[in-house]
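The values are calculated or read from the model by the stated rules, or taken from the named source; none is laboratory data. Not measured: the values here are computed from a predicted model. Reconstructed Cβ throughout: ideal geometry from the backbone, glycine too, with neighbour counts over all protein chains shown. Quick note on the areas: whole protein, heavy atoms, side chains included, nothing else; ligands and nucleic acids left out. Shrake-Rupley method; radii C 1.70, N 1.55, O 1.52, S 1.80 Å.
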Amino acid sequence: MSREMLEVLAMEWSLHKRLEEDAVAGRRAIEDQIVKWAAIPETLDGTETLKLDSCEVKIVGRIDRKVDGDKLQELAAEHGLTDHLSTLFRWKPELAMKAWNSADADITSVLSGAITAKAGRPSFKIITKE
């Protein structure tokens with residue numbers, strides 16, 4: 001592929017990225033109007049369905065919940081509730097890459113059998129020169 005073709009693709013990508021951002025902003029503005037019209041509470045945690053003549057509009061509300069694992073374990077121990085943690089909460093181990101990369105190979109080679117790695121889609125940011 002020639003450098004000129006790559007320039008053209010980068011410019012086209014930038015154009016479509018701007019169109020995409022405008023489309024997302026427009027869609028979200030309409031969604032905000034629908035939520036306001038239907039008086040959907042900000043605290044909706046579930047699905048609300050609006051049945052119209054030409055379509056159904058399903059609005060799914062979610063409440064994002066974050067758990068402070070250290071605080072949770074502290075409170076559970078303090079109140080004798082540690083046995084309930086495994087049934088009320090999911091414990092999701094996450095890889096600490098900096099520590100993993102600096103750990104001894106004897107350790108990581110054994111533990112790597114529990115890790116699945118899959119390449120994700122690369123992200124792009126193209127900054128055009130004006």
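Note on region 42-98: among residues that are polar (S, T, N, Q) and either part of a loop (DSSP other than H, G, I, E, B) or touching a Leu at 6+ places or on another chain (Cβ under 8 Å) (or both), the one that is surrounded by the fewest Cβ atoms within 10 Å (Cβ to Cβ) is S54. Scanning region 99-127 for residues that are touching a residue at least 24 places away in the same chain (Cβ under 8 Å) and either exposed (fewer than 10 other Cβ atoms within 10 Å of the Cβ) or of a type in the set (D, E) (or both) returns a single hit, F124. Of everything in region 1-40 that is open to solvent by less than 70 Å² (accessible area, probe 1.4 Å) and not in a helix (DSSP H, G or I), the residue that is farthest from K51 (Cα to Cα) is S2.
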